[in-house]
Amino acid sequence: MTTTEQHIDKILIPILEQVSDPEIPVLSIMDMGVVRSAIIENDIVKVEITPTYSGCPAMDVIGDDIMAALKNAGYKSKIELILHPAWTTDWITERGRKALEKYGIAAPLEAEADKDVLLNGKRLVKCPQCGSKNTKLVSQFGSTACKAQFQCDECQEPFDYFKCLK
């Protein structure tokens with residue numbers, strides 16, 4: 001289920017779109033799909049967020065940033081962490097995927113392709129710098145646990161690949 005299928009008050013969308021993911025500042029929390037719902041009840045904005053993975057250290061910062069953005073817009077707020085259903089890379093918007101690549105992080109592949117890349121060494125990950133798929137896995141872990149480190153054999157640049165999570 002994507003964020004757009006959840007109940008998000010249209011008044012709140014522009015405010016929430018201004019809140020960046022602290023680990024990938026070119027993405028909003030809306031692009032990442034971590035906002036599950038946001039409604040105004042009794043003059044309080046109730047926002048439900050789902051972490052990208054269990055124990056994600058960015059969730060406290062995201063919650064604080066949401067509260068600050070809503071306060072700046074004149075709202076009191078309550079943030080609730082929702083663990084079910086678990087977040088999936090399918091929730092990253094198309095705009096978010098493009099922003100990832102422009103920022104230098106390869107967007108996640110589909111689950112089967114992801115396994116072929118991470119476990120079987122297939123060259124399916126597109127280099128965000130030059131666009132070549134002549135890339136190789138360097139490490140199962142990149143700058144964060146949800147990314148893997150790759151290198152392009154064409155332009156020789158290292159880059160992170162955002163692993164598929166389902």
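Rule-based calculations on the coordinates, nothing more; no lab input. None of the values given here were measured: they were computed from a predicted structure. Here Cβ is always computed from backbone atoms with ideal geometry, including for glycine, and neighbour counts include all displayed protein chains.
Averaging the sequence gap over all C-alpha pairs within less than 8 Å and six or more residues apart, then dividing by the number of residues, gives the chain a relative contact order of 18 percent.
When the helices in the chain are scored as -39500 (n - 2.57) per DSSP H run of 4 or longer and the sum is shared across all residues, what 222 nm value do you end up with, to the nearest 500 deg cm²/dmol?
That calculation yields -7000 deg cm²/dmol at 222 nm.
Straight Cα distances below 16 angstrom link Lys71 to the lysines Lys46, with same-chain residues fewer than 8 positions distant left out. A cut-off of 5 Å between modelled amide H atoms, ignoring neighbours fewer than 5 places along the same chain, links Ile8 with Ala38.
Order by neighbour count: Ile13, Ile8, Ile44, fewest other Cβ atoms within 10 Å first, most last. The partial results should precede the final answer.
Numbers: Ile13 16, Ile8 19, Ile44 12.
Ordered by Cβ neighbours within 10 Å, fewest first: Ile44, Ile13, Ile8.
Of all DSSP-defined beta bridges confined to the chain, some 65% are antiparallel rather than parallel. Converting phi to 3J(HN,Hα) with the Karplus coefficients 6.51, -1.76 and 1.60 and the offset θ = phi - 60°, segment 100-112 yields 4, 5, 5, 6, x, 10, 5, 5, x, 8, 5, 3, 5 Hz in sequence order, with x at every glycine or proline.
Residues in segment 18-35, backbone N under 17 Å from the label point at Lys71 (7 Å along the Cα-to-beta-carbon vector): list them, ranges by number please. It comes to 19-20, nothing else.
Listed here are the pairs Lys76/Lys98; Lys122/Lys163; Lys133/Lys163; which of them are more than 22 Å apart at the Cα? Pairs exceeding the cut-off: Lys76/Lys98. Karplus-derived 3J(HN,Hα) values for segment 37-43, using 6.51 cos²θ - 1.76 cosθ + 1.60 with θ = phi - 60°, are 7, 8, 9, 9, 10, 6, 6 Hz; glycine and proline are entered as x.
Only Lys, Arg, Asp and Glu carry charge here, each on its Cβ (+1 for the first two, -1 for the last two); on that basis segment 26-166 has a dipole of about 180 debye about its Cα centre.
Each label point was placed 7 Å from the Cα along the Cα-to-Cβ direction; for Val26 and Cys130 their separation is 1.9 nm.
By the count of other C-beta atoms within 10 Å, a proxy for reagent exposure, Ile62, Ile39 are ordered fewest to most as Ile39, Ile62.
Residue order for Val26, Val125, Val34, fewest other beta carbons within 10 angstrom first, comes to Val26, Val125, Val34.
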